[in-house]
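What follows is a short report on a single structure.
The values are calculated or read from the model by the stated rules, or taken from the named source; none is laboratory data. Quantities reported herein were computed from a predicted structural model and do not represent experimental measurements. Glycine also receives a Cβ, built like all others from the backbone with ideal geometry; neighbour counts cover every protein chain displayed. Ligands, DNA and RNA are stripped out before the accessible areas are found, and what is left, the full protein with its side chains, is counted by its heavy atoms. Shrake-Rupley method; radii C 1.70, N 1.55, O 1.52, S 1.80 Å.
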Amino acid sequence: MQDLVEVTEAGLYCRQGDFFVDPWRPVPRAIITHAHADHARRGCGRYLCAAPGKLVLRSRMGGQAPIDVVRHGESILINGVRVSLHPAGHVLGSAQVRLEHGGTTWVVTGDYKLERDPTCAPFEPVRCDVLVTESTFGLPVYRWPSSEVIAADLDRWWRGNRDAGRTSVVLAYALGKAQRLAALVDPSIGPIVAHGAVMTMVEAYRASGVRLPPIDRVPPRARRVGGGRALVIAPPSVLGGSWLRLFGETSVAMASGWMTLRGVRRRRGFAQGFVVSDHADFPGLLAAIEASSARRVLVTHGFADPLARLLRERGLDAAPLATRFTGEASPDAVGVEEDDDPEAPASGTAPSPGADADAATAGIPGTAAE
Amino acid sequence: MRAFTDLFWQLDGTTRTSEKLEALVAYFRAAPPDDAACAIDVLSGGRQIRAVPTSLLRQWAAEVTGLPPWLVEESYAHVGDLAETLALILPDPAAPADEAAGANEADVGLARLMRTTIHSLRQETEARKREVVLATWRRLASRERIVWHKLLTGGCRVGVSRTLVARALAEVAGVEPAVMAHRLMGGDVVDGEAYRRLLAPQRHDADDRRPYPFFLASALDGAEGHDVASLGGVADWQAEWKWDGMRAQLVRRGSDVAVWSRGEELVNEAFPDIVAAGATLPAGTVLDGELLAVAGGRLLGFSMLSRRSGRRTVTRRLLEDIPCVFVAYDLLEERGEDLRGRPLHERRLRLEALVPTPFAAGTDAHGAGPPQVPSAIFLSPVVSAASWTDLGLLRAEARRRGVEGLMLKRRASPYGVGRTRGDWWKWKIEPLEIDAVLLYAQAGHGRRAGLHSDYTLGLWHEGRLVTVAKAYSGLADTEIVEVDRIVRATTLEKHGPVRICEPMLVFQLAFEAVSASTRHKSGVAVRFPRIVRWRRDKQPSEAGTLDDLRRMIPGGVPR
């Protein structure tokens, strides 16, 4: 039987249904797992996404983009292929794409995580025959602390800085992680302020019905914003620019799964790194794969080779999915776990359905377009 | 061990010297003397023991986690630090320790941990080692495991210099940093008693064998505007050849002679000839200088010297084959009097009165080339010139003379501590260079963990590329990231952490010298190879050849 998903020049393609999933080139019909720039590109004929993600996708694809939605779990037929979208727990509106045709079921996970996240619907395992999974953090060294631990660490750091009169700056991706962090911290410690790129997404989240604590936009040319008490949430691209100087003395921390590694923290010169990711950690990947009950697993971006090998040793029919970009996720793609900035052109010398996409464009924070 | 773990992470978490110093001072103020003594040893890179082989740790970690051994290796290759890799993959401790409260019954002091656990573990059977390691894994959180692994495998290196440790201890003791640096030299702080003596405010015994902290020169390479033009008049400076040897101090006190390397190791065993010659000096003499291998009126070069310096025992044969001399260039102590505060021109006069000028007739006025020495100790000649231009011309002859360039020392300067800029400069000759092709790449460690930043480079020989040097990257961080991506994308084969890549990238390789070598497949050894720039404008076919390199060997080389 023919595969339901194949890799083409334009991206992951379902021939039977004549549509793409997260294409990296403009195509007539695109199903979008979530609105990060490496998964959602402008210029497609029609977009389909999960209902909770519509406003976020709209803000990224522009007001004119034709966006259709389905509720999580609701199924529709596209050229005879039964399509439904199921929560992936990655960011607001993120979805796994379930495809059913000719008695076979495929699931394309997009990006996902299993941890609790108050800003989006939790990951929901979907049974299938073939699973196409990401593997951004597919090595056993990547295991995330619980949300409670992350929240406690963030609060302790923020409180310590506040007491020392230093502004706390946490660098996080504008869509998803920034809102998740805002929802995690204790807003009674001080004011939360955000970079414009983050605020655009905060507004899209609020308009979508997500409850977030009060967050102020950093006023342009403000002096000593927050008086050393504030928690500033900004995209990594502010590093190296003059924007951070608005805040006087700061303590700058990066929130990323890559912060697990001491070498990465040191190389990037962050005094503080918070291990927070919207991707599944290694146990999460294994748990999700097991829960899918898939017998065949195709592993995309990240540590596809070792993860596929491990799965084969455990009796599954597993292989790396040969995309155009097979590079490993380098720890120096720290700026890259998700995309950086909604205003940044989604240019891509390296379009890929995965985290590697921005490795080429963002590279080192500070060099990324803002 | 908790206090030391906290210190480790504090030091790791900052690049600011002031914060590191603060963390060290706080640690030493609070630590029990036994623990503090142990910490000094670990922090200053003392010889650590490997209580458990890392291969066993990997094996047990695979067993405990149920991961296949290849995946443990794959993870290690990615992380670049075994202690950290294992700490990250192991299951969380059974009962999470309450780190904030610092209350853990099982917490033992660093000294006790080293003595009773780590040192004694080395003697134990494999089964017993396994038992202890697995039990400890169940108890420690990830951040503690990293430090523990490093202690256990004898690989605990923290990003602090000995000078900084000395500064912290000086602050705790309330003495001058230079005094503390001196106290720390050579004598191991073996226990709490020794630590208390170290911190004693009064002066220590004068008749010990300890050397003075070495004063180090900075490179005069045009960086930060430092070049000869910025130094003022040439008459204010004393110039000497920069010998390609091994820096050392010769300490003669009481009836003792001690030869200390710059690494603060006592190297008497390797240099009995120097020790014997040192015994002829008056008591209370400390010379700063350079150990050189010299035979038959020729400098033998560093590689010959290193055949001596590594030895614990030296055969008579080796003494005859590779005789060594001590070239003295400074007098730090005379008749027990510390001269370091006196100006160099005064120390030099006293030195000249004490140590023979070695150069027999036949050598030129500048003492070029090697001496006909009656004694194994002689004076480093002063190279005099009327102008910087003249001195520059002499420097240009350095390679022919078998030296690395010139040392410039301010005549009015005292003998400093550590690398204090301004008074001592090394004015090295321009390095030799060749364009070479990247053949293998290996992930770095520490700050470059996970990035392919250690490169093996090759040159053309008979239509093939042969490896000639391994060099750490001297590229900018952004270039390293770029090279890393290319390496990953053009890997032909992987051997653990080493990737064989398609020969595509050309780098300009700089080095100090080339010599014939039987130990290298290429038949040549390059000294201090490092990458100076990425030649994006060159194709691999345009890289240099092994013959080009051979031609740089002084006197040529037999094929």
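May I ask you to say which residue of B:Glu19, B:Glu63 is of a type outside the set (Lys, Arg), more than 18 Å from B:Met114 (Cβ to Cβ), assigned to a helix (DSSP H, G or I) and at the interface with chain A (Cβ under 10 Å from one of its Cβ atoms)? That would be B:Glu19, the only listed residue that is of a type outside the set (Lys, Arg), more than 18 Å from B:Met114 (Cβ to Cβ), assigned to a helix (DSSP H, G or I) and at the interface with chain A (Cβ under 10 Å from one of its Cβ atoms).
When the stretch A:175-191 is filtered for residues that are buried (at least 24 other Cβ atoms within 10 Å of the Cβ) and within 19 Å of A:Phe247 (Cα to Cα), the ones remaining, listed by number, are A:Ala178, A:Ala182. B:Phe326 passes every criterion in (1) surrounded by 13 or more Cβ atoms within 10 Å (Cβ to Cβ); (2) at pLDDT below 90 apart from (2).
Return the residue satisfying two criteria in turn: it lies in the stretch A:127-144 and is under 20 Å from the mean Cα position of the chain (by Cα) and open to solvent by 10 Å² or more (accessible area, probe 1.4 Å), and of such residues it is nearest to the other protein chains (Cβ to nearest Cβ). Looking at the filtered set, the residue picked out is A:Arg143. Scanning the stretch B:511-536 for residues that are assigned to a loop (DSSP other than H, G, I, E, B) and farther than 19 Å from B:Leu465 by Cα returns B:Glu512, B:Phe528.
Of all residues in the stretch B:66-96, those being outside any loop (DSSP other than H, G, I, E, B), more than 28 Å from the chain's Cα centre (by Cα) and either at the interface with chain A (Cβ under 7 Å from one of its Cβ atoms) or of a type in the set (Phe, Trp, Tyr) (or both) number 6. The residues on offer are B:Glu462, B:Glu479, B:Glu493, B:Glu542, and the sole one that is over 21 Å from B:Ser306 (Cα atoms) and modelled with pLDDT under 85 is B:Glu493.
Between B:Arg421, B:Arg401, B:Arg411, the distinction of being among the basic types (Lys, Arg) and more than 27 Å from the chain's Cα centre (by Cα) belongs to B:Arg411 only. Looking across the stretch B:450-468 at every residue that is open to solvent by less than 10 Å² (accessible area, probe 1.4 Å) and small (Gly, Ala, Ser), the one that is farthest from the other protein chains (Cβ to nearest Cβ) is identified as B:Gly458. How many of the residues in the stretch A:151-174 are open to solvent by less than 10 Å² (accessible area, probe 1.4 Å) and either at positive phi or of a type in the set (A, V, I, L, M, F, W, C) (or both)? Residues that pass the stated criteria total 7. Only one of the numbered conditions (1) open to solvent by less than 10 Å² (accessible area, probe 1.4 Å); (2) in the same structural domain as A:Cys49 (by TED's automatic domain parsing) is violated by A:Glu124, and that is (1). Listed by position, the strands (runs of 3 or more DSSP E) enclosed by the stretch B:236-328 that each have at least 2 residues that are under 24 Å from B:Leu394 (Cβ atoms) are B:237-241, B:246-253, B:285-295. For the stretch B:469-479, a tally of residues being within 14 Å of chain A (Cβ to nearest Cβ) and surrounded by 21 or more Cβ atoms within 10 Å (Cβ to Cβ) returns 1.
Could you say whether any residue in the stretch B:221-231 is charged (D, E, K, R), assigned to a helix (DSSP H, G or I) and at pLDDT below 90? Yes, the conditions are met somewhere in the stretch B:221-231.
Given the condition in contact with a Phe, Trp or Tyr (Cβ under 8 Å, 6 or more places away or on another chain), open to solvent by 10 Å² or more (accessible area, probe 1.4 Å), under 27 Å from B:Pro91 (Cα atoms) and touching a residue at least 12 places away in the same chain (Cβ under 8 Å), answer yes or no: does some residue in the stretch A:233-253 qualify? Among the residues of the stretch A:233-253, not one is in contact with a Phe, Trp or Tyr (Cβ under 8 Å, 6 or more places away or on another chain), open to solvent by 10 Å² or more (accessible area, probe 1.4 Å), under 27 Å from B:Pro91 (Cα atoms) and touching a residue at least 12 places away in the same chain (Cβ under 8 Å), which makes the answer no.
If you go through the stretch B:463-472 one residue at a time, do you hit one that is more than 30 Å from B:His78 (Cα to Cα) and in a strand (DSSP E or B)? Looking for residues that are more than 30 Å from B:His78 (Cα to Cα) and in a strand (DSSP E or B), one finds at least one in the stretch B:463-472, hence yes. Is there a residue being touching a residue at least 60 places away in the same chain (Cβ under 8 Å), surrounded by 23 or more Cβ atoms within 10 Å (Cβ to Cβ) and either assigned to a helix (DSSP H, G or I) or in contact with a Phe, Trp or Tyr (Cβ under 7 Å, 6 or more places away or on another chain) (or both) anywhere in the stretch A:77-84? No, there is no match, as no residue in the stretch A:77-84 is touching a residue at least 60 places away in the same chain (Cβ under 8 Å), surrounded by 23 or more Cβ atoms within 10 Å (Cβ to Cβ) and either assigned to a helix (DSSP H, G or I) or in contact with a Phe, Trp or Tyr (Cβ under 7 Å, 6 or more places away or on another chain) (or both).
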